[in-house]
1. Diagonalise the Cα gyration tensor of region 112-152 and give the resulting equivalent ellipsoid semi-axes, square root of 5 times each eigenvalue, largest first, whole Å.
2. Quick check of the Kirkwood formula: for region 163-237, what is the inverse mean of 1/r over all pairs of different Cα atoms, in Å?
3. In sequence order, what are the phi-derived ³J(HN,Hα) couplings for region 78-84 according to the Karplus relation 6.51 cos²θ - 1.76 cosθ + 1.60 with θ = phi - 60°, rounded to whole Hz, with x for glycine and proline?
4. Work out the FRET efficiency for ALA168 and VAL72 from their Cβ-Cβ distance, taking R0 = 35 Å, and round it to the nearest 0.05.
5. No solvent, one uniform scatterer per C-alpha: report log10 I(q)/I(0) for region 52-94 via the Debye equation at q = 0.20, 0.30 1/Å, two decimals.
6. Per residue of region 94-111, in order, report the coupling 6.51 cos²θ - 1.76 cosθ + 1.60 (Karplus, θ = phi - 60°) as ³J(HN,Hα) in whole Hz, putting x for Gly and Pro.
7. Could you please state, rounded to a whole Å, how far the C-alpha centre of region 128-182 is from the C-alpha centre of region 216-239?
8. How compact is region 210-297 by the rule of thumb for globular proteins, expressed as Cα Rg over 2.2 N^0.38 Å?
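What follows draws every value from the coordinates through simple rules; no lab data is involved. Computed from a predicted structure; not experimentally measured. Here the Cβ positions follow ideal geometry from the backbone for every residue, glycine too, while neighbour counts run over all protein chains shown.
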Amino acid sequence: METQTAVENNYLKNATEEELQRQKAIDDWLPITSSRNAKWWYSAFHNITAMVGAGVLSLPYAMSELGWGPGVTVLVLSWIITLYTLWQMVEMHEMVPGKRFDRYHELGQYAFGEKLGLYIVVPQQLVVEIGVNIVYMVTGGRSLQKFHDTVCDNCKKIKLTFFIMIFASVHFVLSHLPNFNSISGVSLAAAVMSLSYSTIAWAASAHKGVQENVEYGYKAASTSGTVFNFFSGLGDIAFAYAGHNVVLEIQATIPSTPEKPSKGPMWKGVVVAYTVVALCYFPVALIGYWMFGNGVEDNILISLEKPKWLIAMANMFVVIHVIGSYQLPCIMWLAIYKPKKFSLSWCCNWVCIVFGLFLMILSPIGGLRSIIISAKNYEFFS
C-alpha cells in the first residue's frame, strides 16, 4: 500500500513538473511573458502610455457637455475609482502562491470558472481592444492631417483615409517586434509625448486667455439634446480613463520572487503614472473649458490655431503617443476575496461597480448620437 502511495505521489510530482515546464514553454513563446526583466520605471511609462490617451484632448469638450459641477465631480471620481481598481489588479496578479495571472482571461477563469471566465472576460476585452485601436487609428490619422495642414497652408488637401493608412503602416512594422519590453523605447517616447502635448494644450489655452463672450451653460437647444450631450460627456471621460486593458500584461514583464513579489515595483510605477495622469488631465480639462467655454472643439488642439509651430508640434506628439498606446476588476475581487457584507471593502467595490455600470450603459447613448451626427464629415473612400 505504501509503495502504491509513493508511486502515485511520484506520478503527481512528475505531472506537476511537466505542467510547470509546459507553462514555462508557453510563457517563453508568448510576447507578453517572454521577457520578465522589466524595472519599476517600465511600469510607470507603460501605464502612462496606456492611460493618457488622446482622449485627454476631448476633456474640455466633455466639460462643456457636463458643466462645471458634474464635470469636475465625474473627472475626480473617475481618477479615484480607476486608481483603486488598478490597485486591485496589481494585488490579484499573484494572489495564488506560485501562480501569476498574466492575462485577463486567466484571472477571469480563476474567479468565475474555466468556461464562464472566458465567456465573461474575452468578449469584453476584445470589444475594448478593437474599439480603442479603431479610435487610435482615426486619432493618429487626424493628428497627422492636422500637422500637415498646419505646416503647409498652400499644399493640396489630402484625404483623412491616406493619413490613417500612413499611421497604420507604422504599426505593421511594430507588430513584428518580439515582446513587450522590445517596445519600451517607443513606450517611453509615447509617455513623454503625452505629457508634452497635454502641457502644450493647457499652456497655450491659458496664454490665449478667456475668449470674448465665453459661455459656460449647456449649448443644446432642447432638453433631450442636453441629456444626450451629458451622456456623451460621460463617455468622453470614461474613454479618457480607459487604460486598464494591459495592466496584467505590464506586470507580467516584471520579475518576481516570494521575497520580492512583482506588485512592489508595479505599484511604485502606477503611483508615478497616476501622478502624471493628474498633471495631464485636470489642467487640460479645467483650463481648456475655462478659456473657451461651451464653444470649445471636441479636440482642444483644433481650438488652438496659433502659434502654428506649437500646435503642429503638439499634433505630432499625439501621433507618436498613440503609436505607443496602440500595442471589469471589482467583480473579480468580490468573487475571489469574498469580503464581509457591508464592510468597507464590500461597499467600495459595489460603489465602483454601480458607477462603472452607469457609465457603461448611459455613455454610449450620447456617444452613438454624436457619431451619427458627425459621420457625414468622414468620407473615407469617396
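1. Equivalent ellipsoid of region 112-152: 39, 5, 4 Å, largest first.
2. 16.9
3. 5, 4, 5, 5, 5, 5, 5
4. About 0.40, to the nearest 0.05.
5. The computed values of log10 I(q)/I(0) come out as -0.70, -1.00.
6. Result, rounded to whole Hz: 10, 6, 9, x, x, 10, 10, 8, 7, 9, 4, 5, 5, 5, x, 5, 5, 7.
7. After rounding, the separation between the Cα centres reads 28 Å.
8. Cα Rg divided by the expected 2.2 N^0.38 Å: 1.63.
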